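Inspection log for the structure reproduced underneath, given as structure tokens.
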Amino acid sequence: MSDVFQFLNVARRDGAKTPADIRKTGFHEIYAQMDAEHAHEQAGRCLACGNPYCEWKCPVHNFIPNWLKLVDEGRLFEAAELSHQTNSLPEVCGRVCPQDRLCEGSCTLNQVKAGAVTIGQIERYISETAFAQGWRPDMSKVVATGKKVAIIGAGPAGLGCADVLARNGVKAVVFDRYPEIGGLLTFGIPEFKMEKHVMTRRREVFEGMGIEFRLNTEVGGTKPQDVQMADLLNEYDAVFLGMGTYTFMQAGIPGEDLPGVMPALPFLISNVNHCLGLPQDEFIDMQGLRVVVLGGGDTAMDCNRTSIRQGAASVTCAYRRDEANMPGSKREVANAKEEGVQFLWNRQPVAIVGEAQVEGIKLVTTQLGEPDARGRRSPVIVEGSEEIVPCDRVLIAFGFRPNPQPWFADFGITTDAAGRVIAKGQTHACQTANPKVFAGGDMVRGSDLVVTAVYEGREAAKGMLDFFAV
Ligand code: FAD
Ligand code: SF4
């Protein structure tokens, strides 16, 4: 066991990162997995604070110091069991959470400038190594309740819900219109952040726990294999909605309809389909093209780095605030810079120019003005600062708005003015206005994070367990 002041002698040491010139030629994860010695060394840096801020800041409230101690002591299977008590997808969150503004951003070691404990990478190490050594969730004490729940959406919210239900003896049947589970984790987030075999294995783990997946099945769809909400409500004791948010935000500027201008997600999904060899009408390829990406979040970074890997002639990312105020993960911005993305901070698009096809983008310079209602300083345009950046493609990554389904009203499911499902829990956590229907994740919060979607799915499952107990 390590001494509590190990951090004084042992510096933070991240997992090895593939050099930029190699990693930008392919779609592979860029961080190597820690080995046992490395994980032990880094886990031992934890101070075991009495009041662990990391745990509070982690949206699923992982028992971080406790599983770090188990890793330090080499008790891997116990660490895996403990980490799964609070998180349904720890190997995923260890990879894709913006740790710099969550758990690691709150690590006490930051206050003494010692470098936070590498919490995310150790979380990934625990599950990866335990799975490789044959560990699987212990379901031996689960007693079947006879209840069954239909879950719409196999994204992080739906999976979090299914996990908690299965561990409490409730049959979870998950419906998704896509051919694989994961939601945006599979059909959105590129493989350089998380390779797709991670979700394939997770599906096998969940199936081993008794969770059933009905893929290629849309709820409310018209294909022969599709199902209808009314039938789910008749056949199941409750229904969980974890359907995400899929209306692309538009730029609202002239020229947006020109050929060569496209929303971010279809581009990213096309690349995933291409990498996985799945059928698609058209592969969207940026090879040899000058690409401009508009936006400053995770989706924009994924577009930047995917375009680089496809062999774009140049990739420029324009964002209307400064670097310090970008909403995306700082780690991903740094990775994008290393891979050759050019950033134009404080630039706002005002028009997309071209005759038959996009030829350039007109930008104006901004300065940060007064804080808005949410406390973020609003960009103010600098007069006479117009410039045109020549380009062949423009990718719009301004985020997503909810896409409430036309059938919601038929079942008493209500939404707010922005189209988000209201699931404030009239009696039980995450319950909608229809007592048999629960909801969580992006469709309730608006676009957010994998870990917050997992949390809400898990909370909804607890709400259902209360509901069944009534
Ligand atoms: P989703 O992941 O969207 O899953 C919803 C599922 O519901 C989908 O599989 C969909 O097919 C299914 N569905 C919808 N309607 C139906 C229907 N009628 N019938 C059947 N199935 C249906 N977050 C991070 O934490 N880190 C990141 O690095 C990160 N990067 C991102 C990059 C991109 C490009 C994007 C778009 C998002 C990123 N996010 C990231 C955000 C994160 O992916 C989402 O917040 C999270 O996936 C939301 O989970 P969810 O389960 O609510 O929805
Ligand atoms: Fe950190 Fe995310 Fe893991 Fe929580 S789930 S400990 S925030 S990496």
Seminar exercise, completed: Computed for the range 332-386: size of charge dipole around the Cα centre, +1 on C-beta of each Lys and Arg, -1 on C-beta of each Asp and Glu, debye to nearest 20, value 240 debye
For this session: Towards the positive end of the charge dipole of the range 327-470, with charges on Cβ (+1 Lys, Arg; -1 Asp, Glu), say which of 340, 451, 434 has the farthest Cα.
Result: 434
Exercise. For residue 147, which aspartates and glutamates qualify as cross-link partners when the Cα separation must be under 19 Å and same-chain residues fewer than eight apart are set aside?
Worked result: 163, 207, 212, 231, 235, 237, 459, 466
For this session: Might you tell me the accessible area per residue for the range 181-292, computed with a 1.4 Å probe and given in Å²?
Result: 43 Å²
Problem set entry | Spatially proximal lysines relative to residue 193 (Cα-Cα < 19 Å; intrachain offsets below 8 disregarded) | 17, 24, 330, 337
Exercise. Using the Cβ atoms and a cut-off under 15 Å, what net charge is assigned to the surroundings of residue 251, where Lys and Arg are +1 and Asp and Glu are -1?
Worked result: +3
For this session: Restrict the search to the range 1-97; then list the chymotrypsin sites (Phe, Trp or Tyr not before Pro) that DSSP places in a loop and that have at most 15 other Cβ atoms within 10 Å of their Cβ.
Result: 5
For this session: Using the Kirkwood radius over Cα pairs, work out the Stokes-Einstein diffusion coefficient for the range 331-422 at 37 °C and 0.692 mPa s, in µm²/s as a whole number.
Result: 192 µm²/s
Exercise. By a straight-distance test (C-alpha under 25 Å), which lysines pair with residue 148 as possible cross-link partners, with residues fewer than eight away in the same chain excluded?
Worked result: 171, 223, 424, 436, 462
Exercise. Considering the range 379-470, what Rg and Dmax in Å follow from its alpha-carbon atoms?
Worked result: 19.3, 66
Exercise. How high is the FRET efficiency between residue 14 and residue 357 when r is their beta carbon distance and R₀ equals 56 Å, given to the nearest 0.05?
Worked result: 0.85
Problem set entry | Karplus-derived HN-Hα couplings along the range 169-181 (A = 6.51, B = -1.76, C = 1.60, θ = phi - 60°), whole Hz, x at Gly and Pro | x, 9, 6, 10, 10, 9, 9, 9, 6, 8, x, 9, 6
Problem set entry | Of all accessible heavy-atom area on the range 413-470, the percent that carbon and sulfur account for (1.4 Å) | 52 percent
Problem set entry | Share of Cα-Cα pairs in the range 25-147 lying beyond 23 Å, as whole percent | 30 percent
Problem set entry | Semi-axis lengths, Å, the range 429-469, gyration tensor of Cα atoms, sqrt of 5 times eigenvalues | 19, 11, 4
Exercise. Which value, in Å³ per residue, describes the convex hull spanned by the Cα atoms of the range 265-395?
Worked result: 122 Å³
For this session: Output the antiparallel fraction of DSSP beta bridges having both residues in the range 234-352, as a percent to the nearest 5.
Result: 0 percent
For this session: Please give the per residue volume of the convex hull enclosing the alpha carbon atoms of the range 115-272, rounded to a whole number of Å³.
Result: 177 Å³
Seminar exercise, completed: When the charge dipole of the range 343-467 is computed with +1 on Lys and Arg Cβ and -1 on Asp and Glu Cβ about the Cα centre, the Cα farthest towards its positive end, among 373, 357, 385, belongs to 373
For this session: Calculate for the chain the 222 nm mean residue ellipticity that helices alone would give, adding -39,500 (n - 2.57) per DSSP H run of length 4 or more and normalising by residue count, nearest 500 deg cm²/dmol.
Result: -9000 deg cm²/dmol
Exercise. Which of the peptides 301-314, 438-451 is most tightly packed, and how do the rest follow, judged by the mean count of other Cβ atoms within 10 Å per residue?
Worked result: 438-451, 301-314
Exercise. Using mean Cβ contacts within 10 Å as the protection proxy, how do 333-342, 270-279 order, highest first?
Worked result: 333-342, 270-279
Problem set entry | Per residue, in Å², the accessible surface of the range 320-398 once ligands and nucleic acids are set aside, probe 1.4 Å | 51 Å²
Exercise. In debye to the nearest 20, how big a dipole does the range 64-131 give about its Cα centre with +1 on each Lys and Arg Cβ and -1 on each Asp and Glu Cβ?
Worked result: 220 debye
Exercise. How big is the chain by the Kirkwood estimate over distinct Cα pairs, in Å?
Worked result: 23.6 Å
Problem set entry | the range 210-323: mean projected area of Cα convex hull, nm² | 11.2 nm²
For this session: Indicate, rounded to the nearest 5 percent, the antiparallel portion of the DSSP beta bridges found entirely in the chain.
Result: 40 percent
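The values are calculated or read from the model by the stated rules, or taken from the named source; none is laboratory data. In this text, all values refer to a predicted model and were calculated from it rather than measured experimentally. FYI the Cβ positions are ideal-geometry reconstructions off the backbone, even for glycines, and counts take in every protein chain you see. Just the protein is used for accessible areas: all its heavy atoms, side chains included, with ligands, DNA and RNA removed. Shrake-Rupley method; radii C 1.70, N 1.55, O 1.52, S 1.80 Å.
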